[in-house]
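J.: One structure, pasted below without further comment.
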């Protein structure tokens, strides 16, 4: 959003979005550093930290660079007041600290611990018998790699985004060519980075070390004066706003091709790389990385630790992993012999993944494809799995003659190519495929089944906070709702009419939809609690979601806090609200949980008691969700489901004293630990074990404030 309004609160009352995100990734790194986690889980978190950082640079840092380097680029409004150049410098400083911590953890802690367990990654020079590696290089690696000399007759290669390369300075001994030469070779991305030194062993070397040791063979007739691995990260955001095209699918494919040629935003290179070699790489015009903003990162170890995820699949090491568990069947679907649609018709069903099995969601579509009573299926697809049973069911339904509509969001970041493939497959099978809008991503998670039951046509609905992806449903926490409520069915039909036909003028009965009115209604719900507190009545706000960025929402929360509303938020990632400021946000408590499963569920409670308004949503409290996406927030109305959320889920999330960190007013996070005499409580363990505590922390309700106190709070508000 542009700065077309003035905020009531000052810049120091807000935390910078990008720096807040880096603190989230710091919490991911803390899980790798935590010795109480199983060893291979710590390896996983090291890998996730690197993957997260890659995406951060490809999208967020790329956007800031565009603003900093191009005067005509649109400037995002930053309530914290930091200019893009200042943000870039602060990002570089904090990133270097975190990367140093990551490699210290890997080199001095995790790697030695793996060695003690018999899982070793060793320097190539320590391999005594290289026969297996020699054969592997000659038969598998060498046929793939391509040596690339760079001189006037050999143009610079286009370095692939996140590709790993070896740069070398060469001195010609025999044959043709310049006496001194700069050259590169790409480490094959199609091969595993971790190479076993023999069959069926758990000892590895890095692939780039194997290639580096054979550089004299790769560049025959040359002496290798110096070499170093390096890696480029590129701008990878696909911004289609204001792009015009007669074919959305074609536009996406064009932008995917452009992504390969996008600007570099980060150069990573080995810490011991020769300075001349670094200067030669940087001098290449197409890189355009800036030393002024510290975009060159010298790495004290193997580049790109995302490869460590491969160690998590090493067999026969279950004792180094989190214990496995079998998801349960959700309450409401457990009657023996009852079909899925009958169960949903009988009562609303709440699913909490991964603790509840995801298979009923797949069966919802799969059964509809085969059910002769089903007339139509309508489905949104944002991200789905590589071998998606949902897509297969939609294909089967269309081939069975049913009316099938699929909204495939082609702009799902980094899943664009997969969604293009799904879209073409669905079209070929007879599914009516639409792609949403160029200026609004379709991020809502909705499935509709229309079924003929005697003389009645009944609509069955599934709404969710997460994607229709059976793979991520195993390690993302999300909430979903099955309902046959006619008002929900009518609303969802109207929603699809908007998505497929720009249908206007419908008055929503249950759903709150972005970009139409989600922001306005969210502010109203917060203000309702503010007015209750000002009137001396009990009030409360609870919110659990991924990110809090929107400045207008933050201001509404500040006003609620000043009025005396107790506000408790579980915000996994970015939080630009600064809690604990006297006179502004002392009634706001913000915590973050980073644990085995990615906390992805979004649910909200407005009210102090059983009459509270409870909502689930696909949206975070960010400008993009409110204004640039099609999102849905939907109420939970069935008494038993409300009880589950109010008296089980919320108290459990507020009681976690193992994986919870609390946000401080200075923007740092402090880990919460059990107090003296208090038992440890880990919410995710409790939820998949169905062992919620008999006594958990009660939600605070505002007491009746006296008028003098109210006046003092009102007077303390910033002018």
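What follows draws every value from the coordinates through simple rules; no lab data is involved. Quantities reported herein were computed from a predicted structural model and do not represent experimental measurements. Reconstructed Cβ throughout: ideal geometry from the backbone, glycine too, with neighbour counts over all protein chains shown.
J.: Computed from these coordinates, which is semi-axes √(5λ) of the Cα gyration tensor in Å: (1) 46, 31, 27; (2) 55, 50, 22; (3) 63, 36, 24?
T.: (1)
J.: Helix 17-33 against the longest principal axis of the chain: what's the angle in degrees, Cα atoms only, rounded to the nearest 10?
T.: The angle comes out near 70 degrees.
J.: So in region 340-507, what percent of DSSP beta bridges are antiparallel if you round to the nearest 5?
T.: Details: 23 of 32 bridges.
Given both bridge residues lie in region 340-507, the antiparallel proportion sits at roughly 70 percent.
J.: Next question, about the same structure. Helix-only mean residue ellipticity at 222 nm, the chain, DSSP H runs n ≥ 4 weighted -39,500 (n - 2.57), per residue, nearest 500. What is it?
T.: Here the helix-only value at 222 nm equals -9500 deg cm²/dmol.
J.: Something else about it: How big is the C-alpha Rg of region 312-375 next to the rule-of-thumb value 2.2 N^0.38 Å, as a ratio?
T.: Rounded to two decimals, the normalised Rg is 1.52.
J.: When only C-alpha pairs under 8 Å and at least 6 residues apart count, what is the relative contact order of region 440-540, in percent? Intermediate results must be reported in sequence, preceding the final value.
T.: Values: 93 pairs, mean separation 17.8, N = 101.
Normalised by residue count, the contact order of region 440-540 is 18 percent.
J.: Ok, one more. Determine the principal axes of the Cα atoms in region 614-675, then give the extent along each, sorted from largest to smallest and rounded to whole angstroms.
T.: 40, 34, 15
J.: Given R₀ = 22 Å, what would the calculated FRET efficiency be for residue 521 paired with residue 664, taking r from the Cβ atoms and rounding to 0.05?
T.: Working: r = 31 Å, r/R0 = 1.40.
The computed FRET efficiency comes out at 0.10.
J.: I've got another one for you. Measure of size requested: the Rg and Dmax of region 109-149, with Cα atoms as the atom set and Å as the unit; please supply both.
T.: Expressed in Å, the Cα Rg and Dmax of region 109-149 come to 14.5, 43.
J.: Would you mind ranking 331, 95, 483, 146 by Cβ crowding within 10 Å, fewest neighbours first? All intermediate terms of the calculation are to be shown ahead of the outcome.
T.: Working: 331 15, 95 19, 483 26, 146 10.
Fewest to most other Cβ atoms nearby, the residues stand as 146, 331, 95, 483.
J.: Students often check this: by mean Cβ neighbours within 10 Å, which of 501-511, 430-440 ranks highest, and how do the rest follow? Don't jump to the answer; show the numbers that get you there.
T.: Numbers: 501-511: 12.6, 430-440: 18.6.
In decreasing order of mean packing, 501-511, 430-440 become 430-440, 501-511.
J.: Expressed as an acute angle from 0 to 90° and rounded to the nearest 10, what is the orientation of the C-alpha long axis of helix 39-56 relative to the principal long axis of the chain?
T.: With rounding to tens, the tilt is 90 degrees.
J.: Quickly rank 486-492, 670-676 as a protection proxy: mean count of other C-beta atoms within 10 Å, highest first. Walk me through the intermediate numbers first.
T.: Numbers: 486-492: 19.3, 670-676: 10.3.
Packing order, densest peptide first, comes out as 486-492, 670-676.
J.: Treat region 340-507 as a sphere of radius equal to its Kirkwood radius over Cα pairs and apply Stokes-Einstein at 37 °C in a medium of 0.692 mPa s; give the translational diffusion coefficient in µm²/s, rounded to a whole number.
T.: 205 µm²/s
J.: Describe numerically, in nm with one decimal, the distance between label points set 7 Å from Cα along Cα→Cβ at residue 135 and at residue 439.
T.: Roughly 6.3 nm, to one decimal.
J.: Please state the shape class of region 483-559: rounded when a/c is under 1.5, otherwise prolate if a/b exceeds b/c and oblate if not, all from the C-alpha gyration tensor. Don't skip to the end; give the middle numbers.
T.: Values: a/c = 2.55, a/b = 1.90, b/c = 1.34.
Because a/c hits 1.5 or more and a/b exceeds b/c, region 483-559 counts as prolate.
J.: Over the chain, calculate the relative contact order: mean separation of alpha carbon pairs under 8 Å at least 6 apart, over the residue count, as a percent.
T.: On the way: 1303 pairs, mean separation 84.6, N = 719.
Relative contact order here is 12 percent.
J.: Classify region 514-715: rounded, prolate or oblate, from the alpha-carbon gyration tensor (a ≥ b ≥ c, eigenvalue square roots; a/c under 1.5 rounded; otherwise prolate if a/b is larger than b/c)? All intermediate terms of the calculation are to be shown ahead of the outcome.
T.: On the way: a/c = 1.37, a/b = 1.17, b/c = 1.17.
In terms of gyration-tensor shape, rounded.
J.: Also, quick follow-up: Using the per-residue mean of other Cβ atoms lying within 10 Å as a proxy for protection, in what order, highest first, do the peptides 125-133, 575-583 fall?
T.: Working: 125-133: 12.6, 575-583: 20.3.
Taking the mean over residues of other Cβ atoms within 10 Å, the ranking is 575-583, 125-133.
J.: Now for a different question. By counting other Cβ atoms within 10 Å of each Cβ, how are 28, 391 ranked from fewest to most?
T.: 28, 391
J.: Spin-label point model (7 Å from Cα, Cβ direction): what's the residue 675 to residue 173 distance in nm?
T.: Placing both labels 7 Å beyond Cα along the Cβ direction yields 7.3 nm.
J.: To continue, here is another question. How far is helix 248-259 tilted off the main Cα axis of the chain, in degrees rounded to 10, range 0 to 90?
T.: With rounding to tens, the tilt is 40 degrees.
J.: May I pose another question? Quick one: 31, 399, 12, 637, fewest Cβ neighbours within 10 Å first, how do they rank? Working shown, then result.
T.: Values: 31 20, 399 13, 12 10, 637 16.
Fewest-to-most Cβ neighbours within 10 Å comes out as 12, 399, 637, 31.
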